[in-house]
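Report on the structure given below.
The values are calculated or read from the model by the stated rules, or taken from the named source; none is laboratory data. Note that this is a predicted model, so its numbers are computed, not measured. Heads up, the Cβs are rebuilt from the backbone with ideal geometry, glycines too, and the neighbour counts pull from every protein chain shown.
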Amino acid sequence: MYKELSPHCANRLTSGGQIVNVSTVSKEGVPDVMTAAWNTPFAADEVLVVLDLPHTTTKNILETGKFVVSIPDETKIREINKVGSRHGAETGDKFAWAGITPVETPRLGIRAMPDALAYIECELTDPEVAAKTGVCIGKAVAVRVKEELWDDGRSSFEEGFRRTLHYVTENTYYVGGRILKVPKNHTTM
Ligand SMILES: Cc1cc2nc3c(=O)[nH]c(=O)nc-3n(C[C@H](O)[C@H](O)[C@H](O)COP(=O)(O)O)c2cc1C
């Protein structure tokens, strides 16, 4: 038996990726950060975030062509809800407004959320698509991950890494984080 859902529920089934924060800076130098549930890989070295056009983040990305995607763990719910609740255009420096001390990324020098699992510094690849749709595709120019949580052999987070948040709806997330290993020829259902 399957249950019929409204077409507007499609995103509830497909937005299972981890919550991220997107950091930017305005052309005047004001730092901003927001939370984004809608994000996915686009190529091995490209990430895609779906942003509302009126967001300060979107304006900053269109003006500067740069942004940083950082991945918070499950302990950061308060912070991600806070920076995802108001526009930078109203708050000014969102970090100062939220009482969060940011870190500065080494390559692009953009302020980002502290203590993230990983940071992906990006340059916007397609400004026309971004301006028209809010779909911002970023080419990674630098990627850093918490060393103690990374397994080089497997090229993935270690078993037991602190868990990422997966958005359901306001105030509801699910968390996982288990590594499940199956044999290479594991094809039977
Ligand atoms: C859990 C969560 C997930 C969100 N996901 C998205 C998203 O995927 N895309 C988006 O445009 N806004 C999303 N938002 C809303 C923005 O984070 C929010 O509007 C933010 O204040 C925008 O900030 P800015 O105007 O400074 O860029 C989300 C907010 C929360 C709390």
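Would the stretch 80-88 turn up any residue that is on the phi > 0 side of the Ramachandran plot and modelled with pLDDT of 95 or more? Looking through the stretch 80-88, none of the residues is on the phi > 0 side of the Ramachandran plot and modelled with pLDDT of 95 or more. From the residues in the stretch 98-125 that are surrounded by fewer than 15 Cβ atoms within 10 Å (Cβ to Cβ) and more than 16 Å from the chain's Cα centre (by Cα), which one is farthest from Pro41 (Cα to Cα)? In this case the residue turns out to be Gly99. Among residues that are free of Cβ contacts under 8 Å to residues at least 40 places away in the same chain and of a type in the set (Val, Ile, Thr), Thr35 is not included.
Residues that are within 10 Å of the ligand (Cβ to nearest atom) and either within 15 Å of the chain's Cα centre (by Cα) or not in a helix (DSSP H, G or I) (or both) within the stretch 57-69 comprise Thr57, Thr58, Ile61, listed in sequence order.
Residue count for the stretch 148-173, restricted to those that are part of a strand (DSSP E or B) and either small (Gly, Ala, Ser) or surrounded by 12 or more Cβ atoms within 10 Å (Cβ to Cβ) (or both): 10.
The C-beta contact set for the stretch 50-79 (first residue closer than 14 Å to Val135 by Cα and modelled with pLDDT of 95 or more, second residue in a loop (DSSP other than H, G, I, E, B) and among the polar types (S, T, N, Q), distance under 7 angstrom, 6+ apart or interchain) comprises Asn60/Ser26. Only residues that are within 9 Å of the ligand (Cβ to nearest atom) and out of contact with any His (no Cβ under 9 Å at 6 or more places or on another chain) were counted in the stretch 23-56, giving 11.
Counting residues in the stretch 1-16 that are outside any loop (DSSP other than H, G, I, E, B), out of contact with any helix residue (DSSP H, G or I) (no Cβ under 8 Å at 6 or more places or on another chain) and buried (at least 20 other Cβ atoms within 10 Å of the Cβ) gives zero. Flag not set for Val22, criterion: in a strand (DSSP E or B), modelled with pLDDT of 95 or more and touching a Gly at 6+ places or on another chain (Cβ under 8 Å). Of all residue pairs spaced 6 or more apart or on separate chains, those with beta-carbon atoms under 6 Å, a first member in the stretch 1-24 that is touching a residue at least 24 places away in the same chain (Cβ under 8 Å) and a second member that is among the small types (Gly, Ala, Ser) and outside any loop (DSSP other than H, G, I, E, B) are Val20/Ala36; Asn21/Ser70; Val22/Ala36; Ser23/Ala112. Every listed requirement among (1) under 18 Å from Lys27 (Cβ atoms); (2) in contact (Cβ under 8 Å) with a residue 12 or more places away in the chain is met by Thr91 save one, (2). Do we find that Thr57 is buried (at least 21 other Cβ atoms within 10 Å of the Cβ) and either touching a Lys or Arg at 6+ places or on another chain (Cβ under 8 Å) or among the hydroxyl-bearing types (Ser, Thr, Tyr) (or both) in this structure? Considered against the rule, which asks whether it is buried (at least 21 other Cβ atoms within 10 Å of the Cβ) and either touching a Lys or Arg at 6+ places or on another chain (Cβ under 8 Å) or among the hydroxyl-bearing types (Ser, Thr, Tyr) (or both), Thr57 comes out as yes. If Arg86 satisfies all but one of (1) closer than 27 Å to Leu149 by Cβ; (2) within 14 Å of the ligand (Cβ to nearest atom); (3) more than 15 Å from the chain's Cα centre (by Cα); (4) not polar (S, T, N, Q), what's the number of the condition it fails? Among (1) closer than 27 Å to Leu149 by Cβ; (2) within 14 Å of the ligand (Cβ to nearest atom); (3) more than 15 Å from the chain's Cα centre (by Cα); (4) not polar (S, T, N, Q), the lone unmet condition for Arg86 is (1).
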